[in-house]
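Q: Mind having a look at this structure? Questions to follow.
The values are calculated or read from the model by the stated rules, or taken from the named source; none is laboratory data. These numbers come from a predicted model, not from an experiment. Here the Cβ positions follow ideal geometry from the backbone for every residue, glycine too, while neighbour counts run over all protein chains shown. Side chains included, ligands, DNA and RNA excluded: accessible areas come from the protein's heavy atoms. Shrake-Rupley method; radii C 1.70, N 1.55, O 1.52, S 1.80 Å.
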Amino acid sequence: MKVIVIGGGWSGCAAALQAVKQGADVTLIERTDMLLGTGLVGGIYRNNGRWTAAEELIAMGGGEMFEVMDQEALHAGIEFPGHKHSSLYNVATIEPAVTKVLADAGIRIELAQRITEVELEGRRIRSVSTHKNHGDRKFEGDVFIETTGTADLPQACNKYGNGCAMCILRCHTFGARISIAAKCGVEEMIGKKGDQVGAMSGSCKLLKESLAPHLREELDRTGVCVVPVPGKEGGGDGAKLAVKACQQYALPEFEQNVVLLDTGHAKLMSPFYPLAELRRIPGFEHARFEDPYAGGIGNSIRYLGMSPRDNFLQVEGVDNLFCGGEKAGLLVGHTEAVVTGVLAGDNAVRWLRGEPLLEIPTSLSIGDAIDHVREQMKSEKGRGYKYTFSGSVYFDRMKERGLYLYDVDAIRQRVAAAGLTNVFDWRPGVVRSSHAAA
Ligand SMILES: Cc1cc2nc3c(=O)[nH]c(=O)nc-3n(C[C@H](O)[C@H](O)[C@H](O)COP(=O)(O)OP(=O)(O)OC[C@H]3O[C@@H](n4cnc5c(N)ncnc54)[C@H](O)[C@@H]3O)c2cc1C
């Protein structure tokens, strides 16, 4: 059972681990020289409904990625405007920790291999290969999982954003993201709201050392620093909030204040912040961007290529292709990438074995989000939103439907009632449940 995972962000890592847990021979291919993709510059998890989703996945036996995040967390149980019980992992230490878990599990990790070609046989992929990268390489597999995220060519950041911000995706060095589904002829979807095509990544990072000592001390001690912006007491014009990918942070507090979170560096909760303006704020006189390098001007544009898929995360039109993370819809976040990655990895192996595929029921937040986002992607209005367990429209839905739970026992009971306790903790000989048959 050869499983090929393309894209080593949180979703690809989670998918690869779930597939290897089921006894598959797994290769994880990543175009850059590090795993975790945009997870290298994130760090926030367990905030608001992400707590529920993480605990649901743990109760289902698929929580290894959250174990690593918890192990590498700098702060847990913190609050910042609009967000409760958040944890922050250290962006500087998380990647080697994840790599070790995957390598120890026996996953073959292929770095600096950008897949550009797909060989099809009817409705099935036979192999994927690199081209003019570091020598041509061909990877043959029985089933493929695409977790390549939703960025695009650097030109997209010029066209729909404020230019290349020199972000962690490093397109100019490693080559731009290539969509496997699109290479198979699948018509992909793009996020669009009004004139804005795609969405701009919602946070940037400052070097902690460039901040005034009192800000650094507060950040290290509490994990959060909320600094009022002189003259913005009444709010701003909302322009920067509107363009954000992370609509859960599109609250007036994020314009009236500079909100910093300690993820190893000082995560600034704004897509970008003009440096001269920032340096006028007391404590920020020497501020310097750590990520993206041009964080005073702009940030990366994402949500430019999502796959049509069903609730098993099987891509429509290609029999042996599954998807996870941002590829699976307008899903924002590490938690969202991990939960869909685990399901994609699990279903890819179920499909190989000829077992019924697993659909997570809508009585759980994970199942509801997967189903709801698939529905929303059908309409232009729905494609104008982003969906996350942590805020904005989807967290509202969670609360309305009683899906948001903070009590771990109650979450476990709900998972048990769905018949899915330890469903992802597969061992040979164990008969596994599936909510719905493919
Ligand atoms: C600046 C920033 C800050 C963020 N902060 C947070 C946060 O604090 N908390 C949070 O929950 N979310 C945050 N997010 C969002 C979150 O990081 C993403 O939604 C989530 O991690 C996406 O994971 P993914 O695996 O779907 O995709 P990605 O992280 O985009 O990973 C895709 C991977 O696929 C690789 N790839 C692409 N094409 C190919 C190819 N052809 N061949 C091989 N490899 C390929 C890419 O190099 C990349 O590593 C942030 C995002 C950004 C950009």
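Q: Just flag the GluC sites (Glu not before Pro) in region 317-389 sitting in loop per DSSP whose Cβ has no more than 13 other Cβ atoms within 10 Å.
A: Glu380
Q: Now for a different question. Considering only protein heavy atoms, what per residue accessible area in square angstrom results for the chain with a 1.4 angstrom probe?
A: For the chain, the per-residue accessible area is 38 Å².
Q: Multiply the residue gap between Arg279 and His85 by 0.36 nm, knock off their C-alpha separation, and tell me the result in nm, one decimal place.
A: Length gained, Arg279 through His85: 66.8 nm.
Q: Could I ask something else about it? Treating the Cα atoms of the chain as identical point scatterers in vacuum, please give the log10 of the normalised Debye intensity I(q)/I(0) at q = 0.08, 0.09 Å⁻¹, two decimals.
A: Relative scattering, expressed as log10 I(q)/I(0), comes to -0.41, -0.52.
Q: Next up: Please work out the FRET efficiency for the pair Glu209 and Asp104, using the Cβ-Cβ distance as r and a Förster radius of 30 Å; give the result to the nearest 0.05.
A: The formula returns an efficiency of 0.30 here.
Q: Please work out the FRET efficiency for the pair Glu188 and Ala92, using the Cβ-Cβ distance as r and a Förster radius of 35 Å; give the result to the nearest 0.05.
A: Efficiency at R0 = 35 Å is approximately 0.55.
Q: Pairs Lys205/Lys399; Lys159/Lys208; Lys21/Lys327; Lys21/Lys138: which are spaced more than 29 Å apart, C-alpha to C-alpha?
A: Lys205/Lys399; Lys159/Lys208
Q: Under a 10 Å cutoff between Cα atoms, tell me which one of Asp220, Asp319, Asp407 has the largest fluctuation in the Gaussian network model of the chain.
A: Answer for the Gaussian network model of the chain: Asp407.
Q: How many percent of the accessible area of region 38-102 is carbon or sulfur, using a 1.4 Å probe?
A: 53
Q: In bins 10 Å wide, starting from 0, what share of all Cα pairs of region 1-130 does each bin hold, as a percent?
A: P(r) over region 1-130, rounded to whole percents: 12, 38, 31, 15, 4, 0.
Q: Let me ask you something else. When only the heavy atoms of the protein chains count and the probe is 1.4 Å, how do Asp195, Asp136, Asp368 rank by accessible area, highest first?
A: Asp195, Asp136, Asp368
Q: What's the magnitude of the charge dipole for the chain around its Cα centre, counting Lys and Arg as +1 and Asp and Glu as -1 at the beta-carbon? Answer in Debye, nearest 20.
A: 640
Q: What is the distance in Å between the Cα centroid of region 144-201 and that of region 385-412?
A: 28
Q: For the chain, give me the percentage of DSSP beta bridges that are antiparallel, rounded to the nearest 5 percent.
A: 65
Q: Under a GNM of the chain (C-alpha, springs under 10 Å), which listed residue has the highest mean-square fluctuation: Lys192, Lys327, Lys381?
A: It is Lys381.
Q: Let me ask something additional. Treat region 35-86 as a sphere of radius equal to its Kirkwood radius over Cα pairs and apply Stokes-Einstein at 20 °C in a medium of 1.002 mPa s; give the translational diffusion coefficient in µm²/s, rounded to a whole number.
A: 183
Q: Continuing with this model, one more query. Work from the charge dipole of the chain (Cβ charges, +1 for Lys and Arg, -1 for Asp and Glu, about the Cα centre) and give the residue of Gly39, Leu313, Tyr160 farthest towards its positive end.
A: Tyr160
Q: With a/c under 1.5 counting as rounded, go ahead and sort region 266-342 into rounded, prolate or oblate using the C-alpha gyration tensor (a ≥ b ≥ c being the square roots of the eigenvalues; past the cut-off, prolate if a/b is larger than b/c, else oblate).
A: Here region 266-342 falls in the prolate category.
Q: About the Cα centre of region 296-438, how large is the charge dipole given +1 on each Lys and Arg Cβ and -1 on each Asp and Glu Cβ? Please answer in debye to the nearest 20.
A: The dipole magnitude comes to about 140 debye.
Q: What distance in nm separates the simple spin-label points at Asp25 and Arg353, each placed 7 Å from Cα in the Cβ direction?
A: Computed distance between label sites Asp25 and Arg353 equals 1.9 nm.
Q: Let me cross-check Thr222: its accessible surface, 1.4 Å probe, with only protein heavy atoms counted, in Å² to the nearest 10?
A: We get 50 Å² for Thr222.
Q: Is region 144-187 best put as rounded, prolate or oblate by its Cα gyration tensor, with a ≥ b ≥ c the root eigenvalues, rounded for a/c under 1.5, and otherwise prolate when a/b is larger than b/c, oblate when not?
A: It is prolate, given that a/c is not under 1.5 and a/b is the larger ratio.
Q: Next up: Which value, in debye to the nearest 20, gives the size of the charge dipole of region 147-228 about its Cα centre, when Lys and Arg are +1 and Asp and Glu are -1 at the Cβ?
A: 120
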